[in-house]
1. If you wrap a convex hull around the C-alpha atoms of region 89-164 and split its volume per residue, what is the figure in Å³?
2. Determine, for Ser25, Ser155, the number of other Cβ atoms within 10 Å of each Cβ, and report the residues in order from fewest to most.
3. Within region 59-103, name every residue whose backbone N is under 15 Å away from a label modeled 7 Å from Cα of Thr35 along the Cβ vector.
4. For a quick check: sort Asp168, Asp38, Asp45 by the number of other beta carbons within 10 angstrom, fewest at the front.
5. Which pairs break 24 Å Cα to Cα here: Lys33/Lys67; Lys16/Lys131; Lys14/Lys80?
6. Quote the charge dipole size of the chain about the Cα centre in Debye, to the nearest 20; the model charges only the Cβ of Lys and Arg (+1) and of Asp and Glu (-1).
7. Can you compute the modelled spin-label distance between Asp24 and Glu79, with each label point 7 Å from Cα toward Cβ, in nm?
8. Please sort by residue number the chymotrypsin sites (Phe, Trp or Tyr not before Pro) in region 1-88 whose DSSP state is loop and whose Cβ has at most 14 other Cβ atoms within 10 Å.
Amino acid sequence: MPTRWIGSITDALKPKYVPDAAYDSHGGSFCLKDTREDVIEKVLDWAAASDNGPRVFWLHGLAGLGKLTVARTVADRLEKADGLGPKLAATFFFSRDSTNCSNIGRFFPTIAQQLATSHTFICEDMDNILKKDPYILDKDPQRQFKTLILDTIRSYAGSLPTPIVVVDALDECE
């Protein structure tokens, strides 16, 4: 039963988990109906592509062009999507206005927590990884990525839709 593992994972990751980094944590704005649809569809088409294209979609532009709002809208649509297409796995919206939301040391533990919640089939594997290396939260971000994310989802690669992770304001990461 995944609930048992989710509780254990939550307890292990809690010291570094940042709930405020989620796309919907502060009731932020979304694109109004029929606005920015060209950009949103471009991102969603990329997410749905099953080819061996680029694994990262970089939405870029000058400050004030609405990248944050587009990212929130894309994350919301992916979270609400039905069917076998791409699904939202996790989000992290960096912000200089929050010590926790600008801290790279909190990024991968937060993504791991959301990944376990959105893809419960990995819970047992992640729980075992956290028990095997209980000090992973104190290690460098590269090690956290490999251990918490890559090692956890590697065995499922190709068998399920690609988990989509939306990250905003990477330039505000310290």
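1. About 86 Å³ per residue, rounded to a whole number.
2. Details: Ser25 13, Ser155 10.
The fewest-first ordering by Cβ neighbours comes to Ser155, Ser25.
3. 64-74
4. Asp38, Asp45, Asp168
5. Among Lys33/Lys67; Lys16/Lys131; Lys14/Lys80, the Cα-Cα distance tops 24 Å for Lys14/Lys80.
6. Dipole magnitude for the chain comes out near 320 debye.
7. So the two model labels end up 0.4 nm from each other.
8. Loop-located and lightly packed - Trp58.
Read-outs: derived from the displayed coordinates by stated rules, not from any lab. As the structure is a prediction and not an experimental result, all values here were calculated from the model. Cβ coordinates were reconstructed from backbone atoms using ideal geometry, including for glycine residues, and neighbour counts include every protein chain displayed.
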